[in-house]
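Single-structure report; data block below.
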Amino acid sequence: MHTDAHGTGSIFGSGCNLVRWAASKALRRFSTFPAHRTKLLFVDVRFGEGGCGNLGVLALVPPASQFAIWAIGAATIAAILVRPRGLPEWCSAAIGAALLVVARLVPLSAAGAAAWDGLDVYLFLAGMLALSELARFEGVFDWLAGRIVPAARGSTGLLFAGVYASGIAVTALLSNDGTILLLTPAVLAAVQRTKIAPLPFLVACALVANAASYVLPIANPANLVLFRVLPTLGPWFVAFGLSALAAIAVTYVLLFGLFRRDLRRPHEAGNPPLPLSGRGRLAGLLVAISAALLVTAAAFGWPVGRTAFLTGGVSLLLMALADWDCARAVLREGPWSIIPLVAALFVIVAALDRSGILNLARDFFRYASQLASMPGKLLAGGAVALADNLLNNLPVGVIARYSIAAPNVAPHVAHAALVAVDLGPNFSVTGSLATLLWLLTIRRAGVEITPLRFFCIGAVVTVPALIAALLFVS
């Protein structure tokens, strides 16, 4: 990159080039529509010799069907985040997808094909949810959190390290949702018995769940959303191993620094942990065997979605023979609504693709691929992380799935997109649905943290962690 005498000219010029590229792509995209469907009102783009100059009004009136798709898509994502009148997230997504089909904005056959395209993701989610809920119902997470407290021997810093390490292990083997939704309440209950401030430990659960969510391919359902065929463990570690270690280490160091005053205080030992029941040991054994099989499937390139579904289903069946109440509670109380939510998002993104928006995303990733490796990774990862927190990482992940598969998108850019989808939500509570549920969980327990404070913590921790992760991804 050229560096001029003024210091900032190079960066400013690069920004102008990006604006020029985006404007030209938008104009070329809409100029392909028939004249009777698209009307260009006024375009005036002027660039001065030394910079961007004046960017005039760039106003495009797309076809009515395109506008309707954009409006329904935007309204659906807003409803998922806001939950008007307590409407469940999956209902908002299903209504949006149904409207697109009923209004013939996306053909029924195309909607069905889009939903079917996510089959492996649904199977993976179902299996991992079954395993996590079995462990929760039988007290495995409570037992694990209870064992951390006496192991710290009164040192709050060691207790923090133990919680963080447990979060890495649970995330790697049971996905990040297992850490945020199941380990967090157990850690809260264990920490409250020690009479110390619980917030550092709860924030650690929320952030390590995303920081460690690409240690293994099975650590985050978003990994399966982005890549139709997951790389085997060897290529995965080559591409993401150092990046994941950097994200985990930087997140830990900065979190420890932010909460150092709380972590220097000694804590009470609390009550001794209750022993794990026989059914709890069976549940733990089934989860351990299933995790080993999933890691083996990832290592040999077997379909992890079907493997997760089979191991989860068999584990649930075996637990039903030993404890029917457990199996019934898992089926009745498990957060199964995430599956129709993801399926509806696949349909909505398919409609957005028909509107042409995804072509801009594909061209953006191609543009990033044309840059040198480091600027390309930082540009792609930064843009995806920003989108995570504006739109939520679930729809962003589905959009990225169809964008990074485009021809001429470099592997390092696609890998940077995955890192940002996984790690980017640590900026804000709206970055992922799991973090929103984490916020509701700790609030019900009487622990308050405002979205603004979470953002301040997330920004301080995640900006360096994301940069470090993107530097080391290959």
> What's the center-to-center distance, using Cα atoms, between the stretch 196-235 and the stretch 443-458 in Å?
Replying inline: 21
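Ignoring GluC sites (Glu not before Pro) that are buried or in helix or strand per DSSP, and keeping those with at most 13 other beta carbon atoms within 10 Å, what is the longest stretch of the chain between them? Write down the numbers at each step before the final one.
Numbers: sites that count: 49, 268, 448.
Value returned for the longest uninterrupted segment is 50-267.
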> Which whole-number percent is the relative contact order of the chain (Cα, under 8 Å, 6+ apart)?
Replying inline: 20
> Taking the Cα atoms of the stretch 362-422 alone, what are Rg (to one decimal) and Dmax (as a whole number) in Å?
Replying inline: 10.2, 28
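Largest first and in whole Å, give the semi-axes of the stretch 166-242's equivalent ellipsoid, each being the square root of 5 times a Cα gyration tensor eigenvalue. Provide the component values of the computation, followed by the final result.
Working: eigenvalues 166, 24, 14 Å².
Sorted largest first and rounded, they come to 29, 11, 8 Å.
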> Expressed as an acute angle from 0 to 90° and rounded to the nearest 10, what is the orientation of the C-alpha long axis of helix 411-423 relative to the principal long axis of the chain?
Replying inline: 50
> Using only Cα atoms, what Kirkwood radius does the stretch 88-159 have, in angstroms?
Replying inline: 16.2
>> At R0 = 35 Å, how high is the FRET efficiency between residue 229 and residue 85 if r is their beta carbon distance? Nearest 0.05 is fine.
In response: 0.30
> Taking the Cα atoms only, what angle lies between the long axis of helix 233-258 and the longest principal axis of the chain, rounded to 10 degrees?
Replying inline: 70
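Out of every Cα pair in the stretch 285-408, what percent are spaced more than 16 Å from each other?
Numbers: 5597 of 7626 pairs.
That fraction is 73 percent.
Could you quote the convex hull projected area for the chain, Cα atoms only and averaged over all directions, in nm²?
Details: hull surface 97.9 nm².
Convex hull of Cα atoms, orientation-averaged projection: 24.5 nm².
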>> If I fit a long axis through the Cα atoms of helix 324-333 and take the longest principal axis of the Cα atoms of the chain, what angle between them do I get, 0 to 90°, rounded to 10?
In response: 30
> Quick one: longest stretch of the chain between exposed loop trypsin sites (Lys or Arg not before Pro), exposed meaning at most 14 other C-beta atoms within 10 Å and loop per DSSP?
Replying inline: 265-474
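Where a number appears in this text, it was derived from the coordinates with a stated rule and is not lab data. Computed from a predicted model, the values in this text were never measured in an experiment. Heads up, the Cβs are rebuilt from the backbone with ideal geometry, glycines too, and the neighbour counts pull from every protein chain shown.
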